[in-house]
Amino acid sequence: MISVDAFHLPYISLDGPRNVASASLAAGVKRVRWNVAILEGIDAQNKYDRQTRQILKILAPLNLEANFKIWPQGRAIKNLRSFFPSQSLKGDCPEKETNLVNPNCISLDPSGWASICWNLAIGNAKKVPLSKVLTNYHWKTHPIIRALVEKGPRGLIDLPESEGFNFQEEKYIDKCHLCVEIRKFLKTDYPGIFV
Ligand code: SF4
């Protein structure tokens with residue numbers, strides 16, 4: 001997944017993602033996709049989505065599919081808050097089947113952590129071969145992922161290690177925002193895994 005959108009453009013010219021995509025396709029990599037941060041919708045009129053639409057038009061000759069998502073993290077929480085529709089914090093992880101139970105995508109960071117969602121690693125490819133990390137994975141064996149699958153992001157609050165977490169319902173934009181905030185709090189209790 002190669003990031004292209006109005007938010008990356010000021011820092012990375014389109015030649016970068018275009019070259020990565022072309023090289024990946026030439027090397028026979030399957031399922032090369034654009035990873036696109038969309039705020040309201042691909043047809044929306046706000047200035048960010050309008051520019052992203054133009055970017056995708058320019059890149060259309062490469063004929064790649066696109067994943068649309070924006071994460072309520074970092075500066076987006078502060079600067080783009082008004083664009084995020086408010087969502088219930090109750091219920092399942094919105095990507096339970098595709099991210100947690102049968103992950104269809106991982107990201108590797110420079111330290112080797114292989115994550116199936118934002119900073120949610122299932123192993124470290126510098127310590128264990130990536131093929132083993134992937135084939136050994138089962139959601140039931142990972143304490144945080146198990147809680148996420150069985151109880152949803154709010155269920156993380158019930159973990160004994162979450163005692164002391166300052167849950168403020170109105171603060172979170174959506175379940176993913178809550179999930180990441182609790183995982184940051186839990187991190188110190190799980191030094192051997194990346195959550
Ligand atoms: S951040 Fe948490 S709730 Fe959101 S998709 Fe990832 S695992 Fe699921």
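Only the coordinates and a few stated rules stand behind these numbers; no lab work does. Every value quoted in this text rests on a predicted model; they were computed, and no experiment measured them. Because the Cβ atoms are built from the backbone with ideal geometry, glycine has one as well, and the counts that use them run over all protein chains shown.
Partners of K171 within straight-line reach, counting lysines whose Cα lies under 21 Å from its Cα and excluding those fewer than 8 residues away in the same chain: K69, K78, K90, K151, K184, K187.
Ranking L64, Y137, I157 by how far each Cα lies toward the positive end of the dipole of the stretch 24-161 (charges on Cβ) leaves L64 at the top. Computed from the alpha carbon positions, the gyration tensor of the chain leads to an equivalent ellipsoid with semi-axes of 30, 23, 13 Å, biggest first. The residues neighbouring G155, those whose beta-carbon lies less than 11 Å from its own, together hold a net charge of +2 under the Lys/Arg +1, Asp/Glu -1 convention. When a/c reaches 1.5 or more, the comparison of a/b and b/c decides; with that in mind, is the stretch 2-70 rounded, prolate or oblate per its Cα gyration tensor? Taking the square roots of the gyration eigenvalues as a ≥ b ≥ c, the stretch 2-70 is prolate. For the stretch 89-157, treating each Cα as an identical point scatterer without solvent, what Debye log10 I(q)/I(0) comes out at q = 0.14, 0.25, 0.26 1/Å? These q points yield log10 I(q)/I(0) values of -0.40, -1.10, -1.17. Using the Cβ of V32 as centre and a radius below 12 Å, the other residues enclosed give a net charge of +3, where K and R count +1 and D and E count -1.
In this structure, the amide hydrogen of G152, modeled 1.01 Å from its nitrogen in the peptide plane, lies closer than 5 angstrom to those of C93, counting only residues at least 5 positions away or on a different chain. Its DSSP H runs of at least 4 residues, each contributing -39,500 (n - 2.57), put the calculated 222 nm mean residue ellipticity of the chain at -8500 deg cm²/dmol, to the nearest 500.
Net charge within 10 Å of F165 by Cβ-Cβ distance, Lys/Arg positive one each and Asp/Glu negative one each, not counting F165 itself?
Result for the neighbourhood of F165: -2.
Within the stretch 118-195, the trypsin sites (Lys or Arg not before Pro) that combine a DSSP coil assignment with at most 11 other C-beta atoms in a 10 angstrom radius are K127.
Our summary gives the chain a relative contact order of 18 percent, counting only alpha carbon pairs under 8 angstrom and 6 or more residues apart. In sequence order, the stretch 168-181 has phi-based couplings of 10, 3, 6, 6, 8, 6, 7, 4, 5, 4, 4, 4, 5, 5 Hz under the Karplus curve 6.51 cos²θ - 1.76 cosθ + 1.60, θ = phi - 60°, and Gly or Pro positions carry x.
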